[in-house]
Amino acid sequence: MENDHIQDRAEANDSSHQSTSAPNAGEPGLTVSAASATLTPKPSPSIIEAISGIPVTKEQPQPMANENFDADLIVIGAGPGGYFAAIRAAQLGAKVICVEKEYLGGTCLNWGCVPSKAMIASVEMLNKAKKAKDWGLKPIENVEMDFDAFIARKDKIVLTERGGIGMLFKKNKVTHVEGFAKFVDRNTVEVTKDGKSQTLRAKNFILAMGSSVIHLPIPGLQGGRAEGVWTSDEAVTATHVPKSMIVLGGGAVGCEFSYVFSGLGSKVTLVEMMPQLLPVMDDDLGKELGKIFTKSGIAVKTGATIEKVEKTANGWKAYVKKGAEVEEIEAEVLLLGVGRKANTEGMNLEGVGVKLHRRGVEVVDDTLRTHADNIWAIGDVTGRIQLAHVAQQEGLVAVANILQGANKTVDYNTVPNAVYTAPEVASVGLTEGQAKEKGYDVVVGRSKFMIFAKAMASNETEGFVKVVAEKKYGQVLGVHMLGGHVTDLIHEAVVAIKLEATLESMADTIHAHPTMAEAVIEAFEDAMGHAIHKF
């Protein structure tokens, strides 16, 4: 089977830079050796006729070249992973079609990462305006959000980004086809849009359909926006600010929308079943964010679940259970901040040999090939790490493996996690608990932003940097941050872990003053036992 895969990659490689519409492709040619000309300096007409009568031997094409393909590669889905893959494949000379059933940019651009960050930025500015005197300004009277302008700004950013992808497709000659793709066979999809269908054929495919929000099976829960049941989709397209809101899920989505709607004036209750917020990150981050949220007026309920809900005249009553106690909380809106499913339905994937598991498409290994050897899968649809930047990297890796015959894999050990509340939260590598579970002799370094001049100057003194390292050699294992701009600062740590840097090499690296990054080097120094600013 592996030899078959190698042969398939070789065949794809041989033809990866040939367009199916290339002029003169496969035209016969006649080569006459110099030796034959030397042997007969004055050839007779009969010899010329004989040579002319020799049939021309055509070069035998690779097996796949006998097929009539519309593209070398069809990418299904134009989210972050899909459009990255399509453009990179086109840059490598492939003829590429990208099929998208709705909007370029997928969930991230249209309903997720981008619109939510635009909303967060506006709320952050609102909060700063309310505290104008903290910057030496005269108080600004009657500061409030212009909700229509707030939504219009978000929409403009989304449309601008979406248009940018369309322009990049045109520049790189990626054909954009709108519609829903269903496999007919391993090389053929039927794309349907508004009742009309077309058939497209390709040598290889990348599945990048992403995921969709789902409603959790909470007893009593039913309905959608009209009934006051929201997901992230409804949150970013909100038509008003609810007076009150219960957010289920204290991960990135739940925390970000709790921050947004609390800032807009909603009375927010945030319910998370784990002991602290942001359960996939280092414990210290979730605990600190919980304290900050509570201080800001968000009611944080960790270690709690919603047993059931009841519809009321003005919204919902939730029965929130923590331990043996049950608290009844009423709110206008119930926002579900957890639960997504891979978009695989109706595509006949299993019919063409693509295996599915309960979370989505199954890949053979980290090269991202599925069990159908000309079909690859990236992003949320695999049910692995559901982050836009992971999908982007997976798209680039898949294309390299398809078109260049590479055997590249994705390094999932250096994936940065980011939460865009204010203050921000960011993390990469092992948490302190994970490092200890793996048997490392752990040393930890910490530094608070509040002692540094840049943090004071920008009124961003909340938070800290935490470094987790192996004690004997000082290898950096994980870095965890909460504070201003840490979603930008984290990439120093990503590179450190990627290159297996040590505490000493990081502490010897000069960091500019005054910057927020001084807290990062201070944490590395603290782990070595000689932080300058340790009281």
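Scanning the range 427-436 for residues that are touching a helix residue (DSSP H, G or I) at 6+ places or on another chain (Cβ under 9 Å) and either outside any strand (DSSP E or B) or in the same structural domain as Ile206 (by TED's automatic domain parsing) (or both) yields a count of 4.
Taken over the range 266-323, the criterion of being more than 18 Å from Leu482 (Cα to Cα) and among the charged types (D, E, K, R) is satisfied by Lys267, Glu272, Lys301, Glu307, Lys308, Glu310, Lys311, Lys317, Lys321, Lys322. The set of residues in the range 452-481 that are over 19 Å from Met506 (Cβ atoms) and either buried (at least 22 other Cβ atoms within 10 Å of the Cβ) or out of contact with any Pro (no Cβ under 6 Å at 6 or more places or on another chain) (or both) comprises Ala455, Met456, Ala457, Ser458, Asn459, Glu460, Thr461, Gly463. Screening Gly405 with (1) out of contact with any strand residue (DSSP E or B) (no Cβ under 6 Å at 6 or more places or on another chain); (2) among the small types (Gly, Ala, Ser); (3) closer than 19 Å to Ala208 by Cα gives one miss only, at (3). The set of residues in the range 362-388 being out of contact with any helix residue (DSSP H, G or I) (no Cβ under 6 Å at 6 or more places or on another chain), over 14 Å from Asn204 (Cα atoms) and assigned to a loop (DSSP other than H, G, I, E, B) consists of Glu362, Val364, Asp365, Asp366, Gly383, Arg384, Ile385, Leu387. Is it the case, given these coordinates, that Pro217 is in a loop (DSSP other than H, G, I, E, B) and in contact with a Gly (Cβ under 9 Å, 6 or more places away or on another chain)? It is false that Pro217 is in a loop (DSSP other than H, G, I, E, B) and in contact with a Gly (Cβ under 9 Å, 6 or more places away or on another chain).
Taking first residues from the range 234-250 that are more than 18 Å from Asp148 (Cβ to Cβ) and in contact (Cβ under 8 Å) with a residue 40 or more places away in the chain and partners that are part of a loop (DSSP other than H, G, I, E, B) and of a type in the set (Val, Ile, Thr), the Cβ contacts under 9 Å between residues at least 6 apart in sequence or on separate chains come to Val247/Ile298; Leu248/Ile218; Leu248/Val338; Gly249/Val338; Gly250/Val338. Scanning the range 336-356 for residues that are surrounded by fewer than 20 Cβ atoms within 10 Å (Cβ to Cβ) and more than 30 Å from Val253 (Cα to Cα) yields Asn348, Glu350, Gly351, Gly353. For the range 267-284, give me each residue that is part of a loop (DSSP other than H, G, I, E, B) and surrounded by 17 or more Cβ atoms within 10 Å (Cβ to Cβ). Correct list: Met273, Gln276, Leu277, Leu278, Met281, Asp282. Only one entry of Ile246, Ile214, Ile206 meets the criterion of being over 27 Å from Val123 (Cα atoms) and of a type in the set (Val, Ile, Thr), and that entry is Ile206.
Considering the conditions (1) under 23 Å from Val354 (Cα atoms); (2) more than 23 Å from the chain's Cα centre (by Cα), Val177 is excluded by exactly one of them, (2). Residue count for the range 123-146 under the criterion of being within 17 Å of Ser258 (Cα to Cα), in a helix (DSSP H, G or I) and in contact with a helix residue (DSSP H, G or I) (Cβ under 9 Å, 6 or more places away or on another chain): the result is 4. Against the list (1) in the same structural domain as Val184 (by TED's automatic domain parsing); (2) surrounded by fewer than 18 Cβ atoms within 10 Å (Cβ to Cβ), the condition Thr294 fails is (1). Taken together, the criteria place Gly433 among residues that are under 25 Å from Gln475 (Cα atoms), surrounded by fewer than 21 Cβ atoms within 10 Å (Cβ to Cβ) and more than 15 Å from the chain's Cα centre (by Cα). Look at the range 401-427: where a residue is closer than 15 Å to Lys498 by Cα and a partner is assigned to a loop (DSSP other than H, G, I, E, B) and among the polar types (S, T, N, Q), sitting 6+ places away or on another chain with Cβ atoms under 6 Å, you get Thr409/Thr367.
Is it true that Val184 is in contact (Cβ under 8 Å) with a residue 24 or more places away in the chain and over 18 Å from Trp111 (Cα atoms)? Yes.
Restricting Ile157, Ile165, Ile120 to those that are modelled with pLDDT of 95 or more, in contact with a Phe, Trp or Tyr (Cβ under 8 Å, 6 or more places away or on another chain), surrounded by 13 or more Cβ atoms within 10 Å (Cβ to Cβ) and more than 16 Å from Gly263 (Cα to Cα) reduces the list to Ile165. Of the candidates Val361, Val419, Val443, the single residue that is closer than 17 Å to Val75 by Cα and touching a Gly at 6+ places or on another chain (Cβ under 9 Å) is Val361.
For (1) at pLDDT below 95; (2) not charged (D, E, K, R), each residue gets a yes or a no:
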residue	(1), (2)
Ala35	yes, yes
Glu49	yes, no
Ile74	no, yes
Ala89	no, yes
Leu92	no, yes
Glu100	no, no
Tyr103	no, yes
Ser116	no, yes
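Taking the range 168-188 only, how many residues are assigned to a strand (DSSP E or B) and either at pLDDT below 95 or farther than 24 Å from Arg340 by Cβ (or both)?
Taking the range 168-188 and keeping what is assigned to a strand (DSSP E or B), we get 175-178, 180-185, 188.
Filter once more, so that each one left must be either at pLDDT below 95 or farther than 24 Å from Arg340 by Cβ (or both): 175-177, 184-185, 188.
Residues flagged as assigned to a strand (DSSP E or B) and either at pLDDT below 95 or farther than 24 Å from Arg340 by Cβ (or both) within the range 168-188 amount to 6.
Before we move on, is Glu307 in contact (Cβ under 8 Å) with a residue 40 or more places away in the chain and part of a strand (DSSP E or B)? Yes, satisfied. If we scan the range 175-183, do we find a residue that is surrounded by fewer than 14 Cβ atoms within 10 Å (Cβ to Cβ) and either outside the structural domain of Leu92 (by TED's automatic domain parsing) or not β-branched (Val, Ile, Thr) (or both)? Checked against the condition, which is being surrounded by fewer than 14 Cβ atoms within 10 Å (Cβ to Cβ) and either outside the structural domain of Leu92 (by TED's automatic domain parsing) or not β-branched (Val, Ile, Thr) (or both), the range 175-183 yields no hits at all. When the range 397-425 is filtered for residues that are surrounded by fewer than 19 Cβ atoms within 10 Å (Cβ to Cβ), in a helix (DSSP H, G or I) and aliphatic (A, V, I, L, M), only Ala400 remains. Residues of the range 102-118 that are without any contact (Cβ under 8 Å) to a residue 60 or more places away in the chain and either in a helix (DSSP H, G or I) or β-branched (Val, Ile, Thr) (or both): Leu109, Asn110, Val114, Ala118.
The values are calculated or read from the model by the stated rules, or taken from the named source; none is laboratory data. Quick caveat, the model's predicted, so the values are computed rather than measured. Counting neighbours? That spans all protein chains shown, and the Cβs are built from the backbone with ideal geometry, glycine included.
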